[in-house]
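Participant: What follows is a structure written as structure tokens; I'll ask about it next.
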Amino acid sequence: MAWLDQHSDEYVVALGPSVDLTSALATAEELRIKRPTVSVVLVRDQFDTDVLTKAMHAGVRDVVVAGGDEKALTSAVERAHQLFQALRGPGGARQLGRVITVFSPKGGVGKTTSSVNLALALTDRGARKVCLVDLDLAFGDVAITMQLFPTHSIEQAVGSEDSIDLSMLEGLLTRHEDSLTVLAAPAHPDVRERVTPLLISRILRALRDGFDYIVVDTSPSFDDATLTALDETDECVIVATLDVPTLKNVKVALETMDMLSIARGHRHLLLNRADELVGISVEKVESILNMPVTAQVATAVDIAAATNAGTPIVSHKPGHPASQAYAHLAASVTGEPVAVPAPTPVAQAEQPRSRGLFRRGRS
């Protein structure tokens, strides 16, 4: 570690089979906290799911087999270099953080669960600092979804439009883990009337100075808070499910975003509860909404169980297909190469003949 402190341009540490697993994981954990720009590659003679899970929790970027495909190690080092460059920015300067807004015009589609798991996936096991902002100001559920009990929220920033900065905001954040913090929604719905668009805009801009990514969970409507977040956003994740009312609302929302020139070319469609047994195919969704599906999360009891336990699926079971889907989504919004392909959800059922769902075409 002392050697690394004197060599700030180093970006990868490979821990070979001669390093016992306990020591290797301890080293990875220390580097994750002290040198998040340094990726750890674990090289083992052999490994199983248990080793992989422990490695991921410790912050190991890649696990490769000793004496195996040489390209696997080369690819791991290349990914480490890409991450190092992304975190350091041009000339070693820190880049401003990016805002990712998660939105759906329909409630009950799993938007908050998706926001939480996306934020966790974006931390990349500690390599990035992420702030999750709950802008559902009346009924925000981010804190309770993560089983956090904030002592402060956005309410304490009310009236600070002219003085808000990162140091002030840091006192209002609730830490979930070393690399993820939360700015909670107010405890009482009436506070939303006092949270102005100007305050929201300045909060998001201040957070860019201290975080790599700011994930914003919004209300299911184009209210002032949501519109302000969308104005500030770099990338927008739109959450939909395979039911006619939701798809109708999402289609109208996309048309509204087109009219307002919001996030053109920076939209990512997350298909939640993607079970084609309900009779609507992914291809049909893409045709209706005139945009590709970025990631699919299949219906799974594990997701709800993990959420109810206060350990979202990305943290609880990083190897789960849903966790892989959120990792795929995170790679899409960051523009990084996708290391793990998003899993295909359930097998398709025979589709009934179309009855002209949303016959009205886009003009």
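What follows draws every value from the coordinates through simple rules; no lab data is involved. Since this is a predicted model, take the numbers as computed values, not measurements. So basically every Cβ, Gly included, is an ideal-geometry build from the backbone, and we count neighbours across all protein chains shown.
Participant: Checking the cross-link filter: which lysines have an alpha carbon closer than 25 Å to that of LYS54, excluding same-chain neighbours under 8 positions apart?
Facilitator: By straight Cα distance, LYS54 reaches LYS34, LYS71, LYS129, LYS317.
Participant: Go ahead and collect, in residue order, the members of the stretch 287-328 whose backbone nitrogen is under 18 Å from a label point 7 Å along the Cα-Cβ direction of ALA72.
Facilitator: Only 319 fall inside the zone, counting backbone N under 18 Å.
Participant: Please list, by residue number, everything in the stretch 311-338 whose backbone N is under 12 Å from a paramagnetic label point 7 Å out along Cα→Cβ of THR49.
Facilitator: Output list for this probe position: 317-321.
Participant: How high is the FRET efficiency from SER221 to SER201, r the C-beta distance, R0 25 Å, rounded to 0.05?
Facilitator: It comes out at approximately 0.85.
Participant: In addition: What are the aspartates and glutamates whose alpha-carbon lies under 14 Å from the alpha-carbon of LYS284, with same-chain residues fewer than 8 places away excluded?
Facilitator: ASP243, ASP275, GLU276, GLU350
Participant: In nm, give the distance between the simple-model label positions of MET168 and LEU21, each being 7 Å from the Cα along the Cα-to-Cβ direction.
Facilitator: 5.0
Participant: Please sort 293-301, 133-141 by packing, taking for each peptide the average over its residues of neighbouring beta carbons within 10 angstrom, highest first.
Facilitator: Details: 293-301: 19.9, 133-141: 22.3.
Taking the mean over residues of other Cβ atoms within 10 Å, the ranking is 133-141, 293-301.
Participant: Using amide H atoms built in the peptide plane, which far-off residues or other-chain residues are under 5 Å from ARG98 H to H?
Facilitator: Here TYR213, ILE214 satisfy the definition.
Participant: With the contact rule set at Cα under 8 Å and sequence spacing of 6 or more, what percent relative contact order holds for the chain?
Facilitator: Details: 650 pairs, mean separation 59.6, N = 363.
In percent, rounded to a whole number, it is 16.
Participant: Which longest run of the chain has no exposed loop site in it, a site being trypsin sites (Lys or Arg not before Pro) in a DSSP loop with at most 14 other beta carbons within 10 Å, and the site itself not part of the run?
Facilitator: The segment 95-263 is the longest one with no such site.
Participant: Here's something else I'd like to know. Can you bin the chain into rounded, prolate or oblate? Criterion: square roots of the alpha carbon gyration tensor eigenvalues sorted a ≥ b ≥ c, rounded for a/c under 1.5, prolate for a/b above b/c, oblate for the rest. If you can, show how the numbers build up before the last one.
Facilitator: Working: a/c = 1.88, a/b = 1.23, b/c = 1.53.
Oblate, since a/c reaches 1.5 and b/c is not below a/b.
Participant: Near ARG202, within a Cβ-to-Cβ distance under 14 Å, what is the net charge of the other residues, with Lys and Arg +1 and Asp and Glu -1?
Facilitator: Its environment carries a net charge of -4.
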